[in-house]
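Undergrad: The structure is given below, and queries will be raised subsequently.
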Amino acid sequence: MQKLVILFVLVFGSSMLPAQNNNIIPQPASFTYTRSLPFKLNVGTTIGGNNAEAQKVARMLADQISRPTGFRFTIRKTGAIQLTINAVADPIIGDEGYTLNVTTSAIKINANKAAGLFYGAQTLLQLLPPEIESKEATSAKWSIPACAVTDFPRFGWRGLMLDVSRHFFPKEDVKRYIDRMARYKYNVFHWHLTDDEGWRIEIKSLPKLTEVGACRVPRYGKWGVHDAPKEGEAATDCGYYTQEDIKEIVAYAAERHIQVLPEIDVPGHNSAAVASYPELCCTQDPSIKVSPGCKIAEWYGNGQFKMLVDNTLDPSSEQVYSFLDKVFTEVAALFPFGYIHSGGDECYHGYWENDPDCKALMAKEGLKTSHELQSYFTKRVEKIIQSKGKKMIGWDEILEGGLAPDAAVMSWRGLEGGIEAAKLGHYVVMSPNDYVYIDLLQGEPLVEPDQTSYKSVRLQKAYSFEPVPEGIDPKYILGGQANLWTEKVPTIRQAEYMTYPRAWAIADLYWSPKEARNWDAFTRRMENHMERSDVAGINYARSAFDPIVTGSMVDGKLYANIATEVNGLDIYYTLDESIPDKYSPKYTGPVAIPEGKAVTLKVATFHNGKSSGKMVPISRDEIVKRVKKVNP
Ligand code: ACM
């Protein structure tokens, strides 16, 4: 018997997990538990790096593990935990990959570049118990299972976008967001810096952009239905990043091997710029204000809309191009990344169509449609961006009317824009809203903070996204992103709630081999990361554990059907107004809903005997409404 136990430990390591089960997100390309007892981290453990770059990563790792363990580390050339930049490049792992070998006596991380060592260190942290995320000294069994990992990313562009215009996130929040991205091997932080609701980047040669454009009148409550600014009302809700702030954040991200992609969204979405410099739009209307989240557009469905204020830069005005030259000169100097994002989405053409100068320009340039006019504008923007030594990327609307010669496309309205651009031989970053828009609802609307979202992207849907469409040369797909618009995200805690766990699922999509995808295995890993996030004080949503209630009619009788995204949950319900617990009726099949306006079905899920999601109370009327609907 003792022999059997020893064999079990030898085969599976102390973690007692079978070989294929690990908790790492994103899932490594190859991971094997090996036949050795775990490595025990202790006060005497030494950490080494074979050169200055390796020692820098070693120091970051040491900083992270010294806080919870209370152990102090001095970084040397060699150590029991050894980080090595390979003298001869390992062709399998590329620039961002690494190998990690843990035995009882030593941990070796090898990589061709510092980025690979950094990612190896992230994996190592995830092999330690969740307490490693503690910011204070704590006690835990600091052991790391013996294993051999060879890992490298599927895509070179793994991004998260944060909109800081609709809600401003202070510098420390942005760093916190970047910190978490790094843990999951994201490498592009797309910073949506300008929009109708605030211009957030200091441009020294255009001071009004932040004096005026970074401030709006204060409003509270539901977004989109706020009162418009009143005559003479002070714009006191302000926030922007100074150029010093930006340098600090760019450096902070670079230490974590994250590039920062700045977005200056033009020509639409520009109320803040136009409020600062009214001469930039066709109407030159001096009454335009930075929007406080009031209604500025009418939406007709299918992407059709009308802007109620002229928030659009005037493509016929040379002043606009000299304005953009100034903006991009300063932006290019602040951000080392090779790309600048110039937006291009949701640009309303109505004011252009009525403007004599725009009409004259169209006649002069032989532009037949307003899309061609936008394309004319975008091509000029590309030239400006290129003149600063950068490449341009824009939202997929930049395809309309003709794509600028070297532009890369960020496909958001689906995959089609990306497919079209790739077929034209342009680079593409995939971020289709149906799969990776993490501002969208992720669970039952009745119990989510935002009940009015126009769409839902549940976790399982996000996890099902395949970034390389059939028939496309994969070399044009640089990778993908998840995008967080923040109209309804006022705080960093709420940003985290919307980001995780979807960004964990999406980390797998962009890093891990396609074949490694497995929903049940992912949800098990996710639970471990929920535990880690609890220790770290990072918020996340448990919506994937919530019940999904739909209705059906059989022989004129109403039934509720209850499902969950995560498999293996127990579902309990009540129809008597009491709160369901694990002693309530257990769901085994459609529940007959009695007649009566007052009837409410209350549903809760349990996992291993513990409450695992939010309780959903749903009225009979609501179940009736859902009879034809698939998942809400
Ligand atoms: C976008 O979501 N308007 C790019």
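Throughout, read-outs are computed from the coordinates displayed, never taken from laboratory work. Nothing here was measured: the structure is a model prediction, and the numbers come from that model. Cβ: placed from backbone, ideal geometry, glycine included. Neighbour counts: every protein chain shown.
Undergrad: Run the simple label-point estimate for S456 and E420 please: 7 Å along Cα→C-beta, distance reported in nm.
TA: Once both label points are built, they end up 3.0 nm from each other.
Undergrad: Quick check for me: using +1 on Lys/Arg Cβ and -1 on Asp/Glu Cβ, what's the dipole size of the chain about its Cα centre, in debye to the nearest 20?
TA: Taking the Cα centre of the chain as origin, the dipole is about 2500 debye.
Undergrad: Next question. Over the stretch 237-332, calculate the relative contact order: mean separation of alpha carbon pairs under 8 Å at least 6 apart, over the residue count, as a percent. All intermediate terms of the calculation are to be shown ahead of the outcome.
TA: Details: 82 pairs, mean separation 24.1, N = 96.
It comes to 25 percent, rounded to a whole number.
Undergrad: Let me ask you something else. Hey, got a sec? Which trypsin sites (Lys or Arg not before Pro) in the stretch 130-165 land in a DSSP loop and have at most 16 other Cβ atoms within 10 Å?
TA: When the trypsin sites (Lys or Arg not before Pro) of the stretch 130-165 are filtered for loop state and at most 16 Cβ neighbours within 10 Å, K135, K141 remain.
Undergrad: Measuring from centroid to centroid over Cα atoms, what is the spacing of the stretch 189-208 and the stretch 32-111 in Å?
TA: Spelled out, the Cα-based centre of one part sits 40 Å from the other.
Undergrad: Then there is this: Could you point to the residue in V331, A121, A407 farthest towards the positive end of the chain's charge dipole, with +1 and -1 charges on the Cβ of Lys/Arg and Asp/Glu respectively?
TA: The one lying farthest along the dipole's positive direction is A121.
Undergrad: Tell me, what are the semi-axes, in whole angstrom and largest first, of the equivalent ellipsoid of the stretch 122-193 as set by the roots of 5 times the Cα gyration tensor eigenvalues?
TA: In descending order the semi-axes read 29, 20, 5 Å.
Undergrad: If R₀ is 35 angstrom, what is the calculated FRET efficiency for the pair R517 and H607, using the beta carbon separation as r and rounding to 0.05?
TA: 0.95
Undergrad: Per 5 Å bin, what is the whole-percent P(r) computed from every C-alpha pair distance within the stretch 455-614?
TA: 1, 8, 14, 16, 16, 14, 12, 9, 5, 3, 1, 0
Undergrad: A further question follows. Treat every Asp and Glu Cβ in the stretch 13-155 as -1 and every Lys and Arg Cβ as +1, leave all other atoms uncharged, and give the resulting dipole magnitude about the Cα centre to the nearest 20 debye.
TA: I would put it at about 380 debye.
Undergrad: So if we plug the beta-carbon distance of E244 and Y583 into 1/(1 + (r/R0)^6) with R0 = 51 Å, what FRET efficiency do we get, rounded to 0.05? It would help to have the intermediate numbers written out before the result.
TA: Working: r = 59 Å, r/R0 = 1.16.
Taking R0 as 51 Å, the efficiency between E244 and Y583 is 0.30.
Undergrad: Around S342, under 12 Å between beta carbons, what's the net of Lys plus Arg minus Asp minus Glu among the other residues?
TA: Every neighbour counted, the sum reads +1.
Undergrad: Further question on the same structure: For a Förster distance of 41 Å, can you work out the FRET efficiency between the beta-carbons of K175 and N21, rounded to the nearest 0.05?
TA: Calculated transfer efficiency: 0.80.
Undergrad: What whole-number volume per residue, in cubic angstrom, does the convex hull of the C-alpha atoms of the stretch 288-441 give?
TA: Taking only Cα atoms, the stretch 288-441 has a hull volume of 146 Å³ per residue.
Undergrad: Could you tell me the relative contact order of the chain? Use alpha-carbon pairs under 8 Å, at least six residues apart, and round to a whole percent.
TA: Relative CO of the chain lands at 11 percent.
Undergrad: With a sphere of radius 13 Å drawn around the Cβ of P153, what net charge do the other residues whose Cβ falls strictly inside it have (Lys, Arg +1; Asp, Glu -1)? Working shown, then result.
TA: Details: positive: K113, R154, R158, K185, K514; negative: D95, E96, D151, D508.
That works out to +1.
Undergrad: Give the dimensionless ratio obtained when the Cα radius of gyration of the chain is divided by 2.2 N^0.38 Å.
TA: Compactness ratio reported: 1.04.
Undergrad: Moving on to the next point. At 0.36 nm per residue, and after removing the present C-alpha to C-alpha distance, how many nm does the segment from T74 to K222 gain when stretched out fully?
TA: Gain on stretching T74 to K222: 48.1 nm.
Undergrad: Roughly how many Å is it from the Cα centre of the stretch 453-494 to that of the stretch 308-350, as a whole number?
TA: Cα centroid of the stretch 453-494 versus Cα centroid of the stretch 308-350: 25 Å apart.
Undergrad: Moving on. In Å, the Kirkwood hydrodynamic radius of the stretch 532-583 over pairs of distinct alpha carbons?
TA: The answer is 13.8 Å.
Undergrad: Based on DSSP, what percent of beta bridges with both residues in the chain are antiparallel, to the nearest 5?
TA: If we restrict to bridges inside the chain, about 50 percent are antiparallel.
Undergrad: Over the stretch 303-368, what is the mean sequence separation of C-alpha contacts under 8 Å (at least six apart), divided by residue count, expressed as relative contact order in percent?
TA: Value for the stretch 303-368: 46 percent.
Undergrad: Residues with beta-carbon under 11 Å from that of F606, excluding F606: net charge, scoring Lys, Arg +1 and Asp, Glu -1?
TA: So the environment of F606 carries a net charge of +1.
Undergrad: Per DSSP H run of at least 4 residues, take -39500 (n - 2.57); add these up for the chain, divide by its residues and hand me the 222 nm value, nearest 500 deg cm²/dmol.
TA: Helix contribution divided over all residues of the chain: -9000 deg cm²/dmol.
Undergrad: Dipole of the chain (Lys/Arg Cβ +1, Asp/Glu Cβ -1, origin at the Cα centre): which of P292, Y510, N50 lies farthest to the positive side?
TA: N50
Undergrad: Between the DSSP loop rule and a limit of at most 15 other Cβ atoms within 10 Å, which GluC sites (Glu not before Pro) in the stretch 305-384 are left?
TA: Loop-located and lightly packed - none at all.
Undergrad: In Å, what is the Rg of the alpha-carbon atoms in the stretch 56-113, and how long is Dmax?
TA: Both quantities, over Cα of the stretch 56-113: 12.5, 38 Å.
Undergrad: Using Cα positions and a limit of under 16 Å, work out the lysines in reach of K77, with same-chain residues fewer than 8 apart set aside.
TA: Those lysines meeting the cut-off are K56, K108.
Undergrad: So, with +1 on the Cβ of K and R and -1 on the Cβ of D and E, and no other charges, what is the size of the charge dipole of the stretch 109-162 about its Cα centre, to the nearest 20 debye?
TA: Value, rounded to 20: 220 debye.
Undergrad: Cross-link partners among lysines for K625, C-alpha distance below 27 Å, same-chain residues fewer than 8 apart left out?
TA: Filter leaves K222, K455, K461, K488, K557, K586, K597, K602, K614.
Undergrad: When a/c reaches 1.5 or more, the comparison of a/b and b/c decides; with that in mind, is the stretch 153-234 rounded, prolate or oblate per its Cα gyration tensor?
TA: Prolate, since a/c reaches 1.5 and a/b exceeds b/c.
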